[in-house]
């Protein structure tokens, strides 16, 4: 229940500027995402993923500060034949491991540089992440699909060209099922490359 309240408050704060009279002053971006799992998630799928994309909308509160929402989809997969140790013995065979992660975050960004010029920015996001995990070995399939709560610090820069920006950004995602239990955390990094358009 606490998780739900935190999410509602975070999204409400992010949506406030979008409902004001200056809602047309903002930025939108589309990115191709390259990701790599960390920690226990990296033990499950240790290959670099080149399948991911992101959508984001930001609203200017000032020339150097924005608030917004982002949606991303990262796909991880890994094939292995390594042995799985169980309490009653060992499981062997070709394994297919998959993770689909869907972070939905409310974001804050702070920029250096002026609008329509080269800009470096720092940001942080907080929100919900739906994570789907699947292990397939032979005819057996084990799935674990659940909502997580988490956040992502980020750093990036915008290079102006024509009336748009070329965007490069790095994020590190951290997600837990419960704020009281961090042992089952999920972590991964993402490099974003894309284009952004702003209106000031």
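How far, in nm, would the chain grow between residue 79 and residue 117 when pulled straight, counting 0.36 nm per residue and subtracting the alpha carbon separation? Before the final figure, lay out each step's value.
Details: separation 38, 0.36 × 38 = 13.68 nm, distance 4.44 nm.
Fully extending the segment from residue 79 to residue 117 adds 9.2 nm.
At a Förster radius of 25 Å, what calculated FRET efficiency corresponds to the Cβ-Cβ distance of residue 184 and residue 48, to the nearest 0.05?
For residue 184 and residue 48, the calculated efficiency is 0.60.
In nm, what is the difference between 0.36 nm times the number of residues separating residue 94 and residue 195 and their Cα-Cα distance?
Numbers: separation 101, 0.36 × 101 = 36.36 nm, distance 3.96 nm.
Net length gain for the segment: 32.4 nm.
Values quoted throughout were computed directly from the atomic coordinates according to the rules given, and no laboratory measurement underlies them. Every value quoted in this text rests on a predicted model; they were computed, and no experiment measured them. Every residue, glycine among them, receives a Cβ derived from its backbone with ideal geometry; neighbour counts consider all protein chains shown.
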